[in-house]
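Have a look at the structure below, then the notes.
Rule-based calculations on the coordinates, nothing more; no lab input. Small disclaimer: the values here were computed from a predicted structure and weren't measured. All Cβ positions, even for glycine, are placed from backbone atoms using ideal geometry, and neighbour counts span all protein chains on display.
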Amino acid sequence: MANLEHLALVKQGVDAWNEWYKQHQKATPDFSQANLSNLNLSGINLNRANLKQANLANTDLSKSLLVNANLERANLLGANLTDANFKGANLDYVIFFQTMINRQTAIASKNLKVYEIVNNKVTNKNFAGIDLSNSHLFRADLSHADLSKAKLVNANLNSANLSNAYLYKADLTGANLQNADLSNAYFSQANLTSAYLGGALCYGTYFKDADLKFANLKTAKFSPKTMIDLKWYSVWEIVNQGAVKKNLSGVDLSNANLQGANFEEANLTNAKLNHAILCHSNLNRANLTNTELVGANICGVDLNQANLKGAKLKSVISDRRTQLSVGESANNLIVQEKPAAIASISAPHTTTTRSTNQTNLAQTKSSKNIIGILLFLAIIASIITAGFIFFNQNLNYPWQERLQLWQEKLK
């Protein structure tokens, strides 16, 4: 949150602030999440200031100094940035829509390109290899753009127009494509790991050979002309249409985002669900015999009535809401390199076997120990008896003579 003293000073005017800041050069101005909209801050010195998530909509920042300032996720809608200095500033996810920038505005080329795109000021849409990661591109028009090998990691492309765009080998890891128009776009060999495609229009979109690990395909709009690998089409089908009583034996759904999917009474025998996101999914009475669930996220999943015979649950991610049967159905649970979280669940079955083995082992060790002790005592007793007899027989000898006699006998 913003520093209240700093806020009060800024509202006294730019001159008052600049004078104070000149005398407190070691201070870090904090205006995070502050509402500074519609203010006249022309010529203000905000070097190194924290303006993260600040609202600067329609604010006059002309000729301002914002060197090394943090403006991550700040709202600069309609702000005047002419002649401003943003050298070294963090402008990730900044809203540049309708802002005013001139040639004297000192701003990184990446951020300048974002500004040009969101304000439709680009004449050439050749963005091959461009880095637009961590950018706010809400409703941006990138239709027919060449974005091959572009970096759009964690970019906000919510409601953007990417129709007919060429995204061959583009990196969209973690990108937000909610409600985006992806019709007829080309994503071959693109990286869409953990991307969000909820509500995205994917009619005629080419996803062949694209990496869709953990991508959220819930409510994505597909058509018969959508080209996508069978595995990811199956994921889309399951999360949008459910898999109640469906035969999915042997299917590969590893690394898939299946959050909230309905697998009630589904046949998942020998299926691969390694590292799949299954949190809050319905697996009631599902057959998971020999299913691979290594590293899967099963938070909030009720597996009490699921058949887990031979299921591999190494390193599964669970929470307090995860439920696994501890009754008779757990007796056949096989967990390779069983994690601690699962060990406690299957304790009723494993404790009996381990207790029996430990008891037998203890009994064997105990028997060996008793025999050893008896042999040791027998040897000691023999020595004591021999000594007693010897000294009784030689009781009349002085001790020097008895010692001499003993030494002669030893010879």
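Laid out as a table, the results:
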item: Matching residues, the range 1-45, being loosely packed, with under 15 Cβ neighbours inside 10 Å, among the polar types (S, T, N, Q) and more than 17 Å from Thr59 (Cβ to Cβ); result: Gln23, Gln25, Thr28
item: Selected residue [buried (at least 17 other Cβ atoms within 10 Å of the Cβ) and farther than 15 Å from Phe214 by Cα] from Val316, Val244; result: Val316
item: Condition check for Lys213: touching a residue at least 24 places away in the same chain (Cβ under 8 Å) and either of a type in the set (Lys, Arg) or over 18 Å from Leu157 (Cα atoms) (or both); result: yes
